[in-house]
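The values are calculated or read from the model by the stated rules, or taken from the named source; none is laboratory data. Note that the structure is a prediction, hence the values are computed from the model and not measured. Note that each Cβ is placed from the backbone with ideal geometry, even for glycine, and that neighbours are counted across all protein chains shown. The area values use the complete protein model at the heavy-atom level, side chains included, leaving out ligands, DNA and RNA. Shrake-Rupley method; radii C 1.70, N 1.55, O 1.52, S 1.80 Å.
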Amino acid sequence: MKTIVFGSINIDLVTTTPRLPLPGETLTGNSFFTTPGGKGANQAVALAKLGIPTQMIGRVGNDNFGVELIKNLQKYDIQTENILIDENISSGVAVITVDQKGENNIIVIPGANGKINQDDVNKLIPCLTQTKLLLLQLEIPVETVILAAQKAKESNVQVILDPAPAQILPDKIYPLIDIITPNEIEASQLVGLKVNDAETAAKAAKILLQRGVKCAIIKLGKKGVYCATKAESFYIPVFSVNTVDTVAAGDAFNGGLAAALFEGKSLREAVIWGAATGALATTKLGAQSSFPDKMTLENFLMSHG
């Protein structure tokens, strides 16, 4: 059995600055570097680094970035045979600014990710027979996400959706989702109310469950994580760490969550794994390079009781 991530593959262009710029303002930055990213690829690497057999399905462009991105995934033993090199468009790019407090803003240019369609879903279908979990995000067309989720449900594969970047979703997608993992901003946009603490997260989770989601996990940043199903609900406080860079912390969370579920751990344990993986990812610069391996995660959990 394995886990499949169906989604975006980007190259991240990262600048570090003393603070985030104001509209129209020019700042002198501290440093610049490129690193593989994309919410889909990030989640795949997070899973693979935790020892989970992982396959990535998506697209890159016919450029140097595309070659680099596929080689990077293969470095982590991620299956890449169903990644299409699109001859007609560039690879996806994310332009990221990170300030000295670790906060960030991001501009995403979809590139090849925006061309993912039924053809890519057709590649996914035969792979589902040996798959336990399918991870989805919203950096590819929503209709394709829905098609992929439908095929996963037909094959009794559990579907985890990270509804990011934030956008309104069609009602038909919710019954296809086993676990949805929005952050505060995404949850607020999905349900139409301000989500900023455990109390408002509980209200948002209730709405998402009513729409057909089986489990709603709302990431509250420094305020922890709230999780609810029809049978139970609980809150997990944040792990205290020295935050350097919050880029891809949400992707790390999903990787940790899915890794625990793949190993048969309880929902509560899985949320704790997600929270710990996300916390560890904030202690280093970059996206995939900041994700912990399994030994680091286990030692971190043991040291935090």
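Fully extending the segment from residue 109 to residue 296, taken as 0.36 nm per residue of separation minus the present Cα-Cα distance, adds 64.0 nm.
Residue 197 label point, 7 Å along Cα→Cβ, cut-off 15 Å on backbone N: hits in the range 217-234? Label zone hits: 220-226.
Here the range 246-278 is scanned for amide nitrogen atoms under 17 Å from the site 7 Å beyond the Cα of residue 27 along Cα-to-Cβ, giving 246-248. Residue 81 exposes around 120 Å² of accessible area when a 1.4 Å probe is run over every protein chain in place. By the Cα gyration tensor, the chain has an equivalent ellipsoid whose semi-axes, rounded to whole angstrom, run 25, 25, 19 from largest to smallest. Taken about its Cα centre, the chain carries a charge dipole of about 700 debye when Lys and Arg each add +1 at the Cβ and Asp and Glu each add -1 at the Cβ.
Taking 17 Å as the straight-line reach from the Cα of residue 194, the lysines in range (excluding those fewer than 8 positions away in the same chain) are 203, 206, 219, 222, 223.
Across 240, 8, 188, the residue with the most accessible area heads the list, and the full order at a 1.4 Å probe is 240, 188, 8. With the convex hull drawn over the C-alpha atoms of the range 46-89, the volume per residue is 62 Å³. Sorting 302, 1 on solvent-accessible area from highest to lowest, probe radius 1.4 Å, gives 302, 1. For the range 189-275, applying the loop criterion from DSSP together with a ceiling of 15 other beta carbons within 10 Å to the GluC sites (Glu not before Pro) yields 232, 263. Could you name the lysines in cross-link range of residue 75, using Cα to Cα under 18 Å and dropping any fewer than eight places away on the same chain? Excluding near neighbours in sequence, the set is 2, 39, 49, 294. The slack between residue 100 and residue 289, meaning 0.36 nm per residue of separation minus the straight C-alpha distance, is 66.2 nm.
Please build a GNM for the chain, connecting alpha carbons under 10 Å apart, and tell me which residue among 221, 66, 24 fluctuates the most. In this elastic network of the chain, the residue with the biggest mean-square fluctuation among 221, 66, 24 is 24. Derived scalar couplings between HN and Hα for the range 169-177 equal 10, x, 4, 5, 7, 4, x, 8, 9 Hz in order, rounded to whole Hz, by the Karplus curve 6.51 cos²θ - 1.76 cosθ + 1.60 (θ = phi - 60°), x for Gly and Pro. Given the options 42, 156, 254, which has the most mean-square fluctuation in a GNM of the chain, springs set between C-alpha atoms less than 10 angstrom apart? The residue that fluctuates most here is 156. Taken about its Cα centre, the range 1-94 carries a charge dipole of about 340 debye when Lys and Arg each add +1 at the Cβ and Asp and Glu each add -1 at the Cβ.
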